[in-house]
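Student: Pasting in a structure now, in structure tokens, and then I'll have a few things to ask.
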Amino acid sequence: MSSPKTLYDKIWDAHVVSEADDGTCLLYIDRHLVHEVTSPQAFEGLRMAGRPVRAPEKTVAVPDHNVPTTPDRVNGIDNEESRIQVEALEKNAEEFGIEYYGVNDVRQGIVHIIGPEQGWTQPGMTIVCGDSHTATHGAFGALAHGIGTSEVEHVLATQTLIQKKSKNMKVEVTGELPAGVTAKDITLSIIGATGTAGGTGHVIEYCGEAIEGLSMEGRMTLCNMAIEGGARAGLVAPDQKTYDYLKGRPHAPSGSDWDAALAYWKTLYSDRGAQYDRELVLDAAEIAPVVTWGTSPEDVLPITAKIPAPEDFEGGKRDAVARSLEYMGLTPGTALEDVAIDTVFIGSCTNGRIEDLREVARIVEGKKVKDGLRAMVVPGSGLVRQQAEEEGIAEILKSAGFEWRMAGCSMCLAMNPDQLAPGERCASTSNRNFEGRQGRGGRTHLLSPAMAAAAALTGRLTDVRAL
Amino acid sequence: MDKFTTLTGVAAPMPLINVDTDMIIPKQFLKTIKRSGLGKNLFDEMRYDDDGNEIPDFVLNKPQYRNAQILVAGENFGCGSSREHAPWALLDFGIRCVIAPSFADIFFNNCFKNGILPIVLPQEEVDKLMADAERGANAVLTVDLENQTIQGPDGGEIAFEVDAFKKECLLNGLDDIGLTLQKVDQIDAFEAQYAKQAPWL
């Protein structure tokens, strides 16, 4: 009998085309998602070498990072460089025969939202994209990770990647989540516990009762930030929720293919006795709604805490914290709940799905965004936007004073017109609080959609449980 | 890709942990459709003020480090986004080697694809090289990939580890895609067998 395998081992083994003596493997790739920022040089490389795309039918392209999110974008993109990048993607998709969702297609959206939405993402697959948040797709039990542009070109040309296997790490979250605590709080709390390099060299499998209890949307939020913990990828074993989510999606299997796929998907779990190189256990009951206070996603604290001081840390982190606090304009000892904000951003591949918008609407229904605050909701895809309009969510958000935008990456990385001004402070449902991430000099506090909604109502970081 | 064999050059000290790819090359410079020309915007927000003037205190603006070819940095260098613009910007500036106690995964891989050698060393050895680097242009390091050594300014030698396959590619400036396409028969065979096993894909 073969030795017990982890879910990661199983997916890895099923995709090895060849293996060298030193463990360097050629790994077959099932899906390649492409966006406009990290692909133009790769397509140019193919053209210069006269190489075709090996499997255009396994590749899908969508513009997301650069696109404006105001409705007037139907008239074209003003910024010339952005327009050129988006046009290059469209042209490359056409030339190489790749499915493409253009800016005015209702299926357009953030690449990591539309992959699952269209059924491109399925359990057991290997999925890559020139974007670190490809980890999102791990929610379906797919091995999914970000790659650089050279690797994008490699996958386009060969449908494989040169890889060495990572180590196995298990993160188990036991018990039930308390009220007001969401997938975002879990994933930030894990990074708070492990640090941003805690997962380096590992693929994390998330498991335990609290993870099983998450919806598919919640699992996507969880896996999305695996990269912020340094992990190559995050995984959740597929279950009935996964199958129910996928059934009937445009690119999901159907008919007898569905039955065959389902039978395979049901084998995708870690065997009893499978070995992990590292394990971490968290008790869901101990997790509180959290926010970040610094410029690294590991700078996480419960909303009830106070801003720490550099002296609370050791080694290189002490200098980093001093730098962070200066950048963030924060004083040690200040209660997080006393930190006033200027902007609320709800969206991104971390939290731009329908469930996130429903949660915000539930909290702000019949209430008003604090006077003078800029509050923006950017659905993750045109279809999320459409669904939110059909469910009456858009109306609730607009009545509360939120701007209701078109789909895109928006203020998560500010490559488009949605940016913070220097010194502006934002409660953001996105994934990175790096210096300048949301605009030069902008200050980012990462939190859940529920916490962002609470902050929008009060104009400061707020414990959603107290509302 | 340019070969990497030996490199002798000035090392710039950057004693920061978690240097992320947004610091290395901010998002507004990712709108290019080319690989070249990013060097002037390397570390843009740390290197220039709001009016575009150089900040004299920033290490790469100091006269002794303007031609640095090596960077010595703190742990988890290159964390964050997968943007290959980060190694492109380093390369375009002239940096061919980064030495740190640890690197983020995607950035680490991206370096090798561009003829940049990222070297992982224990913290105490990085500290020593950091101290050497603080001495500026008088402290030239020599990185020898073939022999996997770094020679310090005072003659001391530090050995480093590197993946054998990646080393081979760097030493010979090999193109990954060309190498993989030599295995196209294996890929074809895999695909054929896979299509039978998983016809829904």
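The values are calculated or read from the model by the stated rules, or taken from the named source; none is laboratory data. Here the structure is a predicted model, which means the values were calculated and not measured. As a convention, Cβ positions derive from the backbone with ideal geometry for all residues, glycine included, and neighbour counts pool all protein chains shown. Heads up: the accessible areas ignore ligands, DNA and RNA and are worked out on the full protein's heavy atoms, side chains in. Shrake-Rupley method; radii C 1.70, N 1.55, O 1.52, S 1.80 Å.
Student: How many Cβ atoms of partner chains, on average, are near each residue of A:154-161 if near means within 10 Å of its Cβ?
Tutor: Across the residues of A:154-161, the mean count of other-chain Cβ atoms within 10 Å is 5.
Student: Hey, another quick one. Highest first, please rank the peptides A:314-321, B:6-13 by the mean number of other Cβ atoms sitting within 10 Å of their residues.
Tutor: B:6-13, A:314-321
Student: Can you give the average number of partner chain beta-carbon atoms within 10 Å of each beta-carbon in peptide B:189-201, as a whole number?
Tutor: For this peptide, the per-residue mean of nearby foreign Cβ atoms is 5.
Student: Now a separate question. Whole-Hz ³J(HN,Hα) for each residue in segment B:57-65, computed from phi via Karplus 6.51 cos²θ - 1.76 cosθ + 1.60 with θ = phi - 60°, x for glycine and proline: what do you get?
Tutor: 6, 5, 3, 6, 8, 6, x, 6, 10
Student: Could you work out the per residue convex hull volume over the alpha carbons of the protein assembly as shown, in cubic angstrom?
Tutor: 148
Student: Under the rule of at least 5 residues apart or a separate chain, name every residue whose amide H is placed under 5 Å from the amide H of A:Lys367.
Tutor: none
Student: Only helical DSSP H runs with n ≥ 4 go in: add -39500 (n - 2.57) per run for the protein assembly as shown, normalise by residue count and round the 222 nm mean residue ellipticity to 500 deg cm²/dmol.
Tutor: Computed mean residue ellipticity for the protein assembly as shown: -9000 deg cm²/dmol.
Student: Considering only B:Gln186, B:Gln123, B:Gln69, give the residue with the highest GNM mean-square fluctuation for chain B, with springs between Cα atoms whenever their separation is below 10 Å.
Tutor: Result for chain B, Cα springs under 10 Å: B:Gln186 fluctuates most.
Student: As a test of understanding, state the convex hull volume per residue of segment A:230-361 from its alpha carbons, in Å³.
Tutor: Measuring per residue, one finds 200 Å³ for the Cα hull of segment A:230-361.
Student: Let me ask something else about it. I want the local charge near B:Tyr194. Using Cβ-Cβ distances under 13 Å, sum +1 for each Lys or Arg and -1 for each Asp or Glu among the other residues.
Tutor: Result for the local shell: -2.
Student: Another question about this same structure. Evaluate the relative contact order of segment B:6-176 (contact order divided by residue number), counting alpha-carbon pairs under 8 angstrom at least 6 apart; express in whole percent.
Tutor: Once normalised by length, the contact order is 26 percent.
Student: Something else about it: Report for segment A:290-466 the percent antiparallel among DSSP-assigned beta bridges with both residues inside it, nearest 5.
Tutor: Once the DSSP bridges in segment A:290-466 are tallied, antiparallel ones form about 30 percent.
Student: Would you please give the residues with an amide H less than 5 Å from that of A:Glu424, counting only those at least 5 places away or on a separate chain, with H modeled from the backbone geometry?
Tutor: Under 5 Å from the amide H of A:Glu424 lie the amide H atoms of A:Arg443, each far enough along the sequence or on another chain.
Student: While we're on this one: What does the charge count around A:Ala322 come to, taking other residues whose C-beta lies under 14 Å from its C-beta (Lys +1, Arg +1, Asp -1, Glu -1)?
Tutor: -4
Student: Now a separate question. Report the Stokes-Einstein translational diffusion coefficient (µm² s⁻¹, integer) for segment A:290-466, Rh taken as the Kirkwood radius over Cα pairs, at 20 °C with viscosity 1.002 mPa s.
Tutor: For these conditions, the coefficient is 133 µm²/s.
Student: Can you say what percent of the DSSP beta bridges in the protein assembly as shown, counting only those with both residues inside, are antiparallel? Round to 5.
Tutor: 30
Student: So what are the ³J(HN,Hα) numbers for segment A:251-265, from phi and the Karplus equation (6.51, -1.76, 1.60; θ = phi - 60°), rounded to whole Hz, Gly and Pro as x?
Tutor: So the J values, rounded to whole Hz, are 9, 7, x, 9, x, 5, 4, 4, 4, 5, 5, 4, 4, 5, 4.
Student: Then there is this: Looking at chain B as a GNM with Cα springs under 10 Å, which of B:Glu157, B:Glu45, B:Glu191 has the largest mean-square fluctuation?
Tutor: B:Glu191
Student: Hey, could you get me the Stokes-Einstein D for segment B:6-176, Kirkwood radius over alpha-carbon pairs, 37 °C and 0.692 mPa s, rounded to whole µm² s⁻¹?
Tutor: Calculated translational D: 205 µm²/s.
Student: Further, regarding this structure: Tell me, what HN-Hα J-couplings in whole Hz come from the Karplus equation 6.51 cos²θ - 1.76 cosθ + 1.60 at θ = phi - 60° for each residue of segment A:217-222, using x for Gly and Pro?
Tutor: These are the phi-based 3J(HN,Hα) values: 4, x, 5, 5, 4, 4 Hz.
Student: Taking the Cβ of B:Pro153 as the center, what net charge do the other residues with Cβ under 14 Å away carry, scoring Lys and Arg +1 and Asp and Glu -1?
Tutor: That sum, taken over residues with Cβ under 14 Å, equals -2.
Student: Can you list the residues, at least 5 places off or on another chain, whose amide H is less than 5 Å from the amide H of A:Ala144, using H built in the peptide plane?
Tutor: A:Ile127, A:Gly138, A:Gly234
Student: Let me ask something additional. What ratio of Cα Rg to 2.2 N^0.38 Å holds for segment A:30-84?
Tutor: 1.37
Student: Take every DSSP beta bridge with both residues inside segment B:6-176 and express the antiparallel ones as a percent of the total, to the nearest 5.
Tutor: Close to 50 percent.
Student: Next question. Using a 1.4 Å probe over the heavy atoms of the protein chains, calculate the carbon and sulfur portion of the accessible area of chain A as a whole percent.
Tutor: Result for chain A: 47 percent of the exposed heavy-atom area is carbon or sulfur.
Student: Which entries of B:Lys31/B:Lys113; B:Lys62/B:Lys113; A:Lys5/A:Lys165; A:Lys91/B:Lys31; A:Lys165/B:Lys34; A:Lys58/A:Lys91 show an alpha-carbon separation above 23 angstrom in the structure shown?
Tutor: B:Lys62/B:Lys113; A:Lys165/B:Lys34
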